[in-house]
Amino acid sequence: MPHSQPRDPVDMNTTLTPLAIEHTRVATLRGDEVLHDHTVLVRNGRIERVGPSAYLFAPEDTTRIDGSGCTLLPGLCDMHVHLLPSRIDAADGVPDEATAWLQAEAYLKRLLDAGLTTVRNMAGTPWHLLVRDAVNTGRIAGPRIVTSGPILETRFTFPALAVFGQLVTTVDEGRAAVREQARAGYDFIKVYNDLDAEIYDAIVATARELGLPVAGHVPFGKGLFGALAARQDSIEHFRSYDFALDLRKPTGKERFVGWLHTSPARMRELAERTAEAGSWNVPTLVIEEALARSAMGKTETEPWIESLTPLGDLTSVFTPAALTAIAEGLPMRQQLLAEMDRSGARLLAGSDCPGCGLIPGRSLHRELQLMVDAGLSPLRALSTATANAAEYLGLGGQQGQIVEGQRADLLLICGDLSSDLTTLSNVRGVATAGRWHAPKETTHEP
């Protein structure tokens, strides 16, 4: 389990008005537990009491919120996002600092409006440390940010990576990069496709010494079994499972094609090996679905996202054959996810927004629905974005469930989420460490 915990200013919230969310259905995310007609009292940023509304009354100093017909659940965590901009350099067309702050506030508001109270930023720069600290100190509103440092890579075969990546071409450079990122205050280390195997090993060993988790892609030079042997803390997008699943002899060299040449037995075997290793997976089915749509010439986005992240930024790195393989392999990805869940392998929800034009917040809702489509129950899918995320972050018992004493990151949805996730976008309100936020019908674009 990762050793580094995100910074938590919740204990400073002694001046917040207490909340009482009354007469609501409560999905505690302690297994399948759902409480009916209950009240949740929040004080000083934490859950103070949970009990039947018939017996638990709100104190006079409390802001009362009627939760009738709603479901209250822990705030959602998107464990794979990209916060923009990655740098501030007006000469290169990146916003000046004032504009960048406005964009950051608008972007974070989008996430908060969708019920996200924690996000894990997967390509960090010094700018993201400033934004993270601004949220922690209350200067701007938004979900708690956990961020990697610049992505570590031995060669930039993906040119856009140079903007938010760091080249490490020797073992010593790899170790030094990890120490540098630890000193800077990043929360974890991200690795990528083309790290040389011995450099990857040095990065993992140094990160372990410093108590930093290692997340990201699986370097081609290590392969899936090498990453599992190293107990990489989280693997994104099911990377390298395609090669390990491929039953052809000899196996193919093309990425993503292996999904089309596998079997249920092989999926079960890899799921069990993943469970034994203890590595978490963030499948990001929604980005694969978006890439599959692009292969068919179908895109769904909003103008403000397209202006920040042109679709070509992502789809241009995949050949037409790769996009076709991704589209045809999506059902197999869902089958592997179901096998992972059955085998006890650890799963987290992440969306890779705003890649491929995905709308922040809404993309996580879709990811959870794709998990349900794969066979997980609605509550089981929700756990990947709540209780599981808290456990991964080293915050199990502190957030991720509706339990007395836990941090009051809460999401109130109109509808019954315990049986149906289609109402997930009907957000009535969100609490971040006890601070209530009610989304407005109109949202300003970044």
(request) Enumerate the strands (runs of 3 or more DSSP E) found wholly within the stretch 85-185, keeping only those where 2 or more residues are of a type in the set (A, V, I, L, M, F, W, C) and under 26 Å from LEU412 (Cα atoms). (result) 116-121, 144-147
(request) Collect the residues in the stretch 299-340 that are of a type in the set (Ser, Thr, Tyr), surrounded by fewer than 17 Cβ atoms within 10 Å (Cβ to Cβ) and at pLDDT 75 or above, keeping them in residue-number order. (result) THR319
(request) Quickly run through the stretch 33-63 and pick out the residues that are more than 18 Å from GLY400 (Cα to Cα), assigned to a loop (DSSP other than H, G, I, E, B) and either not acidic (Asp, Glu) or not assigned by TED's automatic domain parsing to the domain that holds ALA433 (or both). (result) SER53, ALA54, TYR55, LEU56, PHE57, ALA58, PRO59, THR62
(message) What's the number of the only condition in (1) more than 22 Å from ASP187 (Cα to Cα); (2) modelled with pLDDT of 95 or more; (3) touching a Cys at 6+ places or on another chain (Cβ under 8 Å) that ALA390 fails to meet?
(response) (1)
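So that you can scan it fast, the table gives a plain yes or no per residue for (1) of a type in the set (A, V, I, L, M, F, W, C); (2) closer than 20 Å to VAL146 by Cα; (3) buried (at least 23 other Cβ atoms within 10 Å of the Cβ); (4) in contact with a Pro (Cβ under 7 Å, 6 or more places away or on another chain):
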site: LEU364; (1), (2), (3), (4): yes, yes, yes, no
site: MET371; (1), (2), (3), (4): yes, no, yes, no
site: ALA389; (1), (2), (3), (4): yes, yes, yes, no
site: GLN401; (1), (2), (3), (4): no, yes, no, yes
site: GLN406; (1), (2), (3), (4): no, yes, no, no
site: ALA438; (1), (2), (3), (4): yes, no, no, no
(request) Tell me which residues, restricted to the stretch 137-166, are more than 23 Å from HIS217 (Cβ to Cβ) and surrounded by fewer than 18 Cβ atoms within 10 Å (Cβ to Cβ). (result) THR137, GLY138, ARG139, ILE140, ALA141
(request) Scan the stretch 250-278 for residues that are under 23 Å from the mean Cα position of the chain (by Cα) and β-branched (Val, Ile, Thr) and jot them down. (result) THR274
(request) Would you tally the residues in the stretch 201-214 being buried (at least 17 other Cβ atoms within 10 Å of the Cβ), touching a helix residue (DSSP H, G or I) at 6+ places or on another chain (Cβ under 7 Å) and outside any loop (DSSP other than H, G, I, E, B)? (result) 5
(request) Run down LEU417, LEU382 and say which single residue is in a loop (DSSP other than H, G, I, E, B) and either crowded, with 23+ Cβ neighbours inside 10 Å or without any contact (Cβ under 8 Å) to a residue 40 or more places away in the chain (or both). (result) LEU417
(message) Filter the stretch 378-390 down to the residues that are over 13 Å from the mean Cα position of the chain (by Cα) and of a type outside the set (A, V, I, L, M) and list them by number.
(response) PRO378, ARG380
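Give GLU198, GLU180 a once-over and let me know the one that is surrounded by fewer than 20 Cβ atoms within 10 Å (Cβ to Cβ), farther than 23 Å from PRO126 by Cα and without any contact (Cβ under 8 Å) to a residue 40 or more places away in the chain. Steps first, answer last, please.
Details: GLU180 fails: farther than 23 Å from PRO126 by Cα.
So the residue among GLU198, GLU180 that is surrounded by fewer than 20 Cβ atoms within 10 Å (Cβ to Cβ), farther than 23 Å from PRO126 by Cα and without any contact (Cβ under 8 Å) to a residue 40 or more places away in the chain is GLU198.
Go over the candidates GLU60, GLU97, GLU33 one by one and state the one that is closer than 20 Å to GLY396 by Cβ and without any contact (Cβ under 8 Å) to a residue 12 or more places away in the chain. Before the answer, list the steps.
On the way: GLU60 fails: closer than 20 Å to GLY396 by Cβ; GLU97 fails: closer than 20 Å to GLY396 by Cβ.
None of the other options fit; the residue is GLU33.
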(message) Checking the condition assigned to a loop (DSSP other than H, G, I, E, B), over 17 Å from the mean Cα position of the chain (by Cα) and not assigned by TED's automatic domain parsing to the domain that holds VAL42, which residue from GLY350, GLY375, GLY405 passes?
(response) GLY375
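The values are calculated or read from the model by the stated rules, or taken from the named source; none is laboratory data. The shown structure was predicted, so the numbers you read here are calculated from the model rather than taken from an experiment. Here the Cβ is made from the backbone with ideal geometry for all residues, glycine too, and neighbour counts use every protein chain on show.
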